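Each remark here refers to the structure printed beneath this line.
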């Protein structure tokens with residue numbers, strides 16, 4: 001019985017110590033994934049928090065208008081600061097769980113359970129680069145041309161010509177246009193068809209989501225938008241411009 005009381009006393013002391021002392025950066029640094037969120041901004045259901053070795057704080061999500069919600073904020077005495085003012089309070093729940101709170105926000109976060117998969121910077125860069133690309137893509141793009149990528153010369157030319165002009169996401173290429181909305185909606189349309197998808201962009205590609213399936217499309221963005229897709233083992237590049 002005495003031993004049990006000693007253990008309980010140690011646990012209580014540790015909890016009090018966590019709540020009253022400054023949380024070390026060594027404890028906080030890494031990636032944290034939300035388990036529960038309550039916020040006045042209810043446009044997303046999950047967040048990812050990153051804290052680097054310099055004490056910079058990032059809050060991100062794939063399900064809001066902006067992938068990066070907070071970027072490179074500073075930590076000070078169990079607080080996240082924004083414009084040098086307290087923004088979020090940090091409390092330890094246990095060795096792998098923290099709470100982030102302010103009057104309009106509550107988030108319960110668990111430490112990333114798979115830190116060996118990828119790296120901290122790789123995960124964070126997906127959000128940062130994706131957010132930047134998304135901002136550039138918002139709006140309407142008009143189909144300009146298409147070309148096959150390294151077509152197999154064993155295929156008949158008439159078949160290759162058909163594949164070059166095949167539909168894109170079920171829509172013919174005549175007067176084809178695509179639209180990226182800020183609220184993560186992607187629309188492909190022409191004179192006779194309009195189809196809507198959800199979309200997610202990172203540094204590797206664009207994921208289009210509809211019902212229970214995902215379509216991955218590679219992209220290149222410069223003055224034009226180039227989308228690369230594959231069907232029946234034949235790759236095709238479609239080129240879109242901002243204006244017709």
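The values are calculated or read from the model by the stated rules, or taken from the named source; none is laboratory data. Because the structure is a prediction, the values reported are computed rather than measured. For neighbour counting, all protein chains shown are included, and Cβ atoms are generated from backbone atoms with ideal geometry for every residue, glycine included.
Quick look at the numbers
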item	result
Test for residue 100: is it part of a strand (DSSP E or B) and within 21 Å of the chain's Cα centre (by Cα)	yes
Unmet criterion (only one of (1) in a loop (DSSP other than H, G, I, E, B); (2) touching a residue at least 40 places away in the same chain (Cβ under 8 Å); (3) touching a helix residue (DSSP H, G or I) at 6+ places or on another chain (Cβ under 8 Å)) for residue 75	(1)
Residue identified as within 27 Å of residue 41 (Cα to Cα) and in contact (Cβ under 8 Å) with a residue 40 or more places away in the chain among 212, 202, 207	202
Count of residues meeting criterion [within 25 Å of the chain's Cα centre (by Cα) and on the phi > 0 side of the Ramachandran plot] in the stretch 166-194	2
Test: residue in the stretch 113-122 that is within 30 Å of residue 222 (Cβ to Cβ), assigned by TED's automatic domain parsing to the domain that holds residue 50 and not in a helix (DSSP H, G or I)	yes
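Per-residue answers, yes or no, for (1) surrounded by fewer than 12 Cβ atoms within 10 Å (Cβ to Cβ); (2) at pLDDT 95 or above; (3) farther than 29 Å from residue 157 by Cβ:
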position: 187; (1), (2), (3): no, yes, yes
position: 207; (1), (2), (3): no, yes, yes
position: 211; (1), (2), (3): yes, no, yes
position: 224; (1), (2), (3): no, yes, no
position: 230; (1), (2), (3): no, no, no
position: 239; (1), (2), (3): no, yes, no
